[in-house]
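Inspection log for the structure reproduced underneath, given as structure tokens.
The values are calculated or read from the model by the stated rules, or taken from the named source; none is laboratory data. From a predicted model like this one, the values you see are computed outputs, not experimental measurements. When we count neighbours, we look across all protein chains shown, and the Cβ atoms used for this are built from the backbone with ideal geometry, even at glycine. Remember, those area values only see protein heavy atoms, side chains included, never the ligands or the DNA or RNA. Shrake-Rupley method; radii C 1.70, N 1.55, O 1.52, S 1.80 Å.
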Amino acid sequence: MYNPQIRKLIVYLAFMSIVIALGASIMSAKSSNFGKPKIEADLGVQQNACNNGYGFSCFQVAHRVINDNFELGRAYYYRACMLGFQEGCDEFAKISDTPDMLYYKYWQLWDREKRLYKKQQQMPWYR
């Protein structure tokens with residue numbers, strides 16, 4: 001029951017699978033953004049958009065620069081907040097408060113939610 005045609009077909013399919021996988025790997029590597037100049041160019045575009053009043057761009061710039069330059073990242077979070085981007089306000093609050101104040105604020109929020117949940121359970125339509 002040994003058929004040489006089936007063996008040739010299996011070898012051909014295995015070879016083509018390897019070629020396709022290798023080609024896909026090379027294409028994905030070429031399309032990836034590994035270059036630092038490209039990242040810096042993107043950062044420049046985001047900074048220009050931030051200067052033109054786009055809060056999300058300020059938020060993205062802050063994410064990129066916060067580890068290298070804390071004060072600059074903090075300033076971009078503040079600008080994102082002032083431009084109406086809520087996540088910028090949240091991040092600015094996180095890095096501006098002390099850990100004790102953050103814990104206190106989250107405790108207040110949790111306590112408020114707990115009270116609202118209990119109040120909702122007492123409503124007649126909840127049962």
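Can you work out D for the chain in µm² s⁻¹ from Stokes-Einstein, where Rh is the Kirkwood radius over C-alpha pairs, the temperature is 20 °C and the viscosity is 1.002 mPa s?
Values: Rh = 20.0 Å.
In µm²/s, the coefficient rounds to 107.
What does the helix-only formula give at 222 nm for the chain: each DSSP H stretch with n ≥ 4 adding -39500 (n - 2.57), the total divided by the residues, and the result rounded to the nearest 500 deg cm²/dmol?
Details: 6 runs with 102 residues, N = 127.
Roughly -27000 deg cm²/dmol at 222 nm, from the helical runs in the chain.
What are the extents of the Cα atoms of segment 68-127 along their three principal axes, in Å, largest first?
54, 26, 15
With every protein chain left in place and a probe of 1.4 Å, what is the accessible surface of Asp111, to the nearest 10 Å²?
About 50 Å², rounded to the nearest 10.
Using a 1.4 angstrom probe on heavy atoms only, work out the carbon and sulfur share of the accessible area of the chain in %. Before the final figure, lay out each step's value.
Numbers: 6380 of 10400 Å².
Its accessible area is 61 percent carbon and sulfur atoms.
For the chain, modelled as a GNM with alpha-carbon contacts under 10 angstrom, which of Lys105, Lys94, Lys114 fluctuates the most?
Evaluated over the chain, the most mobile residue of the options is Lys114.
Show me the helices of the chain, taken as full DSSP H stretches, that run 27 Å or more along their long axis by Cα and average 0.5 or above in Kyte-Doolittle hydropathy. Walk me through the numbers on the way to the answer.
Working: long enough: 4-31 (40 Å, 1.21); 99-121 (33 Å, -1.78).
Both cut-offs are met by 4-31.
If each of Ala75 and Ile6 carries a label point 7 Å out from its Cα toward its Cβ, how far apart are those two points in nm?
My value for the distance between the label points is 7.3 nm.
Quick one: accessible surface of Ser96, probe radius 1.4 Å, all protein chains present, in square angstrom to the nearest 10.
Taking all protein chains as shown, Ser96 has close to 50 Å².
Given a 1.4 angstrom probe, what's the average accessible area per residue across the chain, in square angstrom?
Numbers: 10400 Å² over 127 residues.
Here the per-residue accessible area is 82 Å².
Rank Val61, Ala75, Gln121 by how far each Cα sits towards the positive end of the charge dipole of the chain (+1 on Lys, Arg Cβ; -1 on Asp, Glu Cβ) and give me just the farthest.
Gln121
Taking 0.36 nm per residue of separation and subtracting the Cα-Cα distance, what length does fully extending Lys119 through Tyr106 add?
This chain segment gains 2.7 nm when fully extended.
Top mean-square fluctuation among Leu72, Leu102, Leu116, Gaussian network model of the chain, C-alpha springs under 10 Å?
Of Leu72, Leu102, Leu116, the Gaussian network model singles out Leu116 as fluctuating most.
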